[in-house]
Amino acid sequence: MSQLKEGAIITGEVISTKPFGAFVKLESGETGLVHISQLSAKYVEKVEDVVQVGAKVKVKVLSIDENGKISLSMKALSEDRPPRERKGGDRRGGRRGAPTDFEDMMKKWLKSSEERLSALAAKQKRNR
């Protein structure tokens, strides 16, 4: 069984690439897989866009299953994570400039709903 522990950071060499990820031979002699989703924080279209066979890479051990399969991640170590964008408003999920009172929100919704219904009714009347 493996001497590796989950969470360990280790260096290895990419020994092959497949459409779903890269196989990495670790310093311990074992081989693990870096799934394509774990190569980078950015979108990866092809594994070869990020790593090539023979490249030395630093990886984090995500898990080792009961069959000894080692799941690795380069993304967990990367510093290139894009900052998360907040979608406006405060932490309660509101939008800027939106009514904060429930009654105001209901009035606005009712008005919008009535406008849509009248537009739909007029369109149906013209199509008859």
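The values are calculated or read from the model by the stated rules, or taken from the named source; none is laboratory data. Note that the coordinates shown come from a computational prediction; the quantities given were computed from them, not determined experimentally. Positions of Cβ are generated from backbone atoms using ideal geometry, with glycine treated the same way; all protein chains shown enter the neighbour counts.
Being in contact with a strand residue (DSSP E or B) (Cβ under 9 Å, 6 or more places away or on another chain) and either at positive phi or among the polar types (S, T, N, Q) (or both) is the filter here, so list the residues in segment 46-75 that pass it.
Selection gives GLN52, GLY54, SER63, SER71, SER73.
Among the residues of segment 30-37, is any hydrophobic (A, V, I, L, M, F, W, C), touching a Phe, Trp or Tyr at 6+ places or on another chain (Cβ under 7 Å), outside any strand (DSSP E or B) and at pLDDT below 95?
Checked segment 30-37: at least one residue is hydrophobic (A, V, I, L, M, F, W, C), touching a Phe, Trp or Tyr at 6+ places or on another chain (Cβ under 7 Å), outside any strand (DSSP E or B) and at pLDDT below 95.
Quick one: in segment 35-70, of everything that is among the polar types (S, T, N, Q) and out of contact with any helix residue (DSSP H, G or I) (no Cβ under 8 Å at 6 or more places or on another chain), which residue is nearest to PRO19 (Cα to Cα)?
GLN52
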